[in-house]
Amino acid sequence: MTPALFTPLRLGPVDLPNRIAVAPMCQYVAHDGVVGDWHLQHLMNLAMSGAGLVTVEATAVERRGRISHGCVGLYSDESERAMKRVIDAARAVALPQTKFAIQLSHAGRKGSTQTPAEGGKPLQPGEDDWPTVSASATPYAPGHPTPAALDVAGLSRIKAAFVEAALRAARAGFDAIELHMTHGYLLAQFLSPLSNRRDDAYGGSLDNRLRFPLEVADAVAAALPGHMAWGARVTGSEWVEGGVTPQEAAALTRALKARGASFVCVSSGGNSPLSRFVVKPGYQVPLAAHVRAEAGEGLAVRAVGLIVDPKEAEAILRRGE
């Protein structure tokens, strides 16, 4: 019997040869958003792994949308050319049928920081820092700058930046787009009551908190060519009282599915330094299982987080989680 792990999977118009996906992993070695030889070697190596889907790390849709100066971006002709060079090289050595996705993101209030290797603290004046934005003027943590609450013009600008980055990704040769809606970055900041204190159409009720992320999804979906799949990485739980719940994750997933999303990846945390959870093998799988059960058929649900044993990965699939 063929292991479920090695059976094909369809994501909308894209066929994957197996159920193994490489998640986006930030490398923090880009230069003004531009990928280089580190990324070329990194992604060529992953392309030869046999994984059905390889996803490029969180990629900022504008310069001010980066987490740090080392983060990848797709907001200039130079960054697009460099990305195409890397993906062309990775595809040239990849196993047959391997597909490539890119995670598009905006850091929002978690931007303008040092890289983790430098300590991860907010950039100081003289370190080429930049003003941050968010759903509300609420800092991520003590010592972090207070972000500006985005007005209607700002929302429109960032939505347009997501669309432009998606079009650049299409020209660079990607097969799929993953919208970053978790880990406390901008779209997640709108989704969460912890960071969204607005009293307009973009805050308060769950429907209102979903509004801007779904507007971005609609705009990106409308701009993509028909051969590309799209989906999102979503928050299964924020692991803190008053934060996003698995039920809200399922509601977001249903809304994305209704708009044509082909997949979601269920992760968690990242929007509050007060989050408390136990990290262990498969610790986020129950969140993915809940979303899969609640969202119904019609899109793929990916589990992530310390799934490192192939027998356990096979068991997750066999259990329908």
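The values are calculated or read from the model by the stated rules, or taken from the named source; none is laboratory data. Model, not experiment: these values are computed from the prediction. Methodologically, a virtual Cβ is constructed for each residue, glycine included, from the backbone with ideal geometry; neighbour enumeration extends over all protein chains shown. Heavy atoms of the whole protein, side chains included, go into the accessibility calculation; ligands, DNA and RNA do not. Shrake-Rupley method; radii C 1.70, N 1.55, O 1.52, S 1.80 Å.
When you scan region 23-42, how many residues do you find that are among the β-branched types (Val, Ile, Thr) and open to solvent by less than 20 Å² (accessible area, probe 1.4 Å)?
Residues in region 23-42 being among the β-branched types (Val, Ile, Thr) and open to solvent by less than 20 Å² (accessible area, probe 1.4 Å): 1 in total.
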Kindly establish whether ALA135 is within 18 Å of the chain's Cα centre (by Cα), aliphatic (A, V, I, L, M), over 18 Å from ILE102 (Cβ atoms) and open to solvent by less than 40 Å² (accessible area, probe 1.4 Å).
yes
Unmet requirement for VAL54, which otherwise passes all of (1) at pLDDT below 95; (2) under 18 Å from the mean Cα position of the chain (by Cα):
(1)
Does region 198-208 contain at least one residue that is within 16 Å of the chain's Cα centre (by Cα), open to solvent by less than 40 Å² (accessible area, probe 1.4 Å) and modelled with pLDDT of 95 or more?
no
Take the residues of region 124-136 that are in a loop (DSSP other than H, G, I, E, B), touching a residue at least 40 places away in the same chain (Cβ under 8 Å) and in contact with a Pro (Cβ under 9 Å, 6 or more places away or on another chain): which is farthest from ARG209 (Cα to Cα)?
PRO131
Residues satisfying the stated conditions in region 142-159, i.e. modelled with pLDDT of 95 or more, in a loop (DSSP other than H, G, I, E, B) and either open to solvent by less than 40 Å² (accessible area, probe 1.4 Å) or on the phi > 0 side of the Ramachandran plot (or both)
PRO147, LEU150
Which count do you get for residues in region 101-121 that are out of contact with any Phe, Trp or Tyr (no Cβ under 6 Å at 6 or more places or on another chain), more than 27 Å from VAL264 (Cα to Cα) and open to solvent by less than 20 Å² (accessible area, probe 1.4 Å)?
1
Taking region 288-312, which residues are within 20 Å of LEU11 (Cβ to Cβ), open to solvent by 20 Å² or more (accessible area, probe 1.4 Å) and over 16 Å from the mean Cα position of the chain (by Cα)?
ALA289, ARG292, ALA293, GLU294, GLY296, GLU297, GLY298, LEU299, ILE307
Index of the failed condition, CYS265 passing every other in (1) open to solvent by less than 50 Å² (accessible area, probe 1.4 Å); (2) over 17 Å from the mean Cα position of the chain (by Cα); (3) within 13 Å of THR235 (Cα to Cα)
(2)
If you go through region 71-96 one residue at a time, how many are surrounded by fewer than 19 Cβ atoms within 10 Å (Cβ to Cβ) and at pLDDT 95 or above?
11
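With respect to SER156, determine if the residue is in contact (Cβ under 8 Å) with a residue 40 or more places away in the chain and not basic (Lys, Arg).
No, not satisfied.
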